[in-house]
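Written below as structure tokens is the structure these notes are about.
The values are calculated or read from the model by the stated rules, or taken from the named source; none is laboratory data. This structure is a prediction, so every number in the text was calculated from the model and none was measured. Here the Cβ positions follow ideal geometry from the backbone for every residue, glycine too, while neighbour counts run over all protein chains shown. Surface areas here come from the heavy atoms of the whole protein model, side chains and all, with no ligands, DNA or RNA. Shrake-Rupley method; radii C 1.70, N 1.55, O 1.52, S 1.80 Å.
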Amino acid sequence: MRAIAIAAVLLVAPVPFLACAGKRPASLGVHDRGLAPCPASPNCVSSDARDESHRVPPLALAVDSAEAWRAARERVSELPRTRIVRVTADSLHAECRSAVFGFVDDLELQLRPEEGIIAVRSASRLGYSDLGVNRRRVEDLRTSLTNRGVLR
């Protein structure tokens, strides 16, 4: 009986690690006309970042802003293990889960039609390094929308 109890504990103990969502950061969303700054850790990229280690170029529109915004929302909804949490006329927040441990990254887009861009931010909620996952996500989104003729 004791062996069964020990086996049950060993099987259940890793469960908390399989749901590594973390708490949704209060800083998400548009602040002072821009996206939240990245933390000092290397697990965040943003087109609003001023330092090169976190900076990615914004998504430069090749089509009308309304058409680009529709295409961007559609493409984000097609990303694996991604759920759009909030969408407005000019902003989007999605949660992207990792395949193995379920770590959550926050992906944010902000349409800026007057600049002809979509600002982008992707950041891990937990940990220090993301092994480049957030940068790859943004660049994959850029490539996909460029191939569709939405971005230049």
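Are any residues in the range 61-74 touching a helix residue (DSSP H, G or I) at 6+ places or on another chain (Cβ under 9 Å) and either under 12 Å from V120 (Cα atoms) or basic (K, R) (or both), and if so, which ones? Correct list: A72 only.
Select from the range 104-140 the residues that are over 13 Å from S91 (Cα atoms), buried (at least 22 other Cβ atoms within 10 Å of the Cβ) and in contact with a helix residue (DSSP H, G or I) (Cβ under 8 Å, 6 or more places away or on another chain) and list them in ascending order. Correct list: D105, S122, A123, S124. Taken as a whole, the condition of being out of contact with any Phe, Trp or Tyr (no Cβ under 8 Å at 6 or more places or on another chain), in contact (Cβ under 8 Å) with a residue 60 or more places away in the chain and acidic (D, E) applies to E139. Name every residue in the range 106-140 that is over 22 Å from R70 (Cα atoms) and either of a type in the set (D, E) or assigned to a loop (DSSP other than H, G, I, E, B) (or both), in order of residue number. If the condition is that a residue be over 22 Å from R70 (Cα atoms) and either of a type in the set (D, E) or assigned to a loop (DSSP other than H, G, I, E, B) (or both), then R125, L126, G127, Y128, S129, D130, L131, G132 are the ones that fit. Of the residues making up the range 80-103, those that are open to solvent by 80 Å² or more (accessible area, probe 1.4 Å) and not aliphatic (A, V, I, L, M) are P80, R81, R83, R86, R97, F101, F103.
Identify all residues within the range 59-79 that are open to solvent by 30 Å² or more (accessible area, probe 1.4 Å), in contact with a strand residue (DSSP E or B) (Cβ under 7 Å, 6 or more places away or on another chain) and either in contact (Cβ under 8 Å) with a residue 60 or more places away in the chain or of a type in the set (A, V, I, L, M) (or both); write none if there are none. Steps first, answer last, please.
Filtering the range 59-79 for residues open to solvent by 30 Å² or more (accessible area, probe 1.4 Å) gives 62-67, 70, 73-75, 77-78.
Imposing the further condition that a residue be in contact with a strand residue (DSSP E or B) (Cβ under 7 Å, 6 or more places away or on another chain) reduces the set to 62, 65, 73, 77.
A62 - this is the single residue of the range 59-79 that is open to solvent by 30 Å² or more (accessible area, probe 1.4 Å), in contact with a strand residue (DSSP E or B) (Cβ under 7 Å, 6 or more places away or on another chain) and either in contact (Cβ under 8 Å) with a residue 60 or more places away in the chain or of a type in the set (A, V, I, L, M) (or both).
Looking across the range 45-66, just one residue is closer than 22 Å to T88 by Cβ, in a strand (DSSP E or B) and either of a type outside the set (A, V, I, L, M) or modelled with pLDDT under 95 (or both), and that is S46. Scanning the range 141-152 for residues that are among the basic types (K, R) and in a helix (DSSP H, G or I) returns a single hit, R142.
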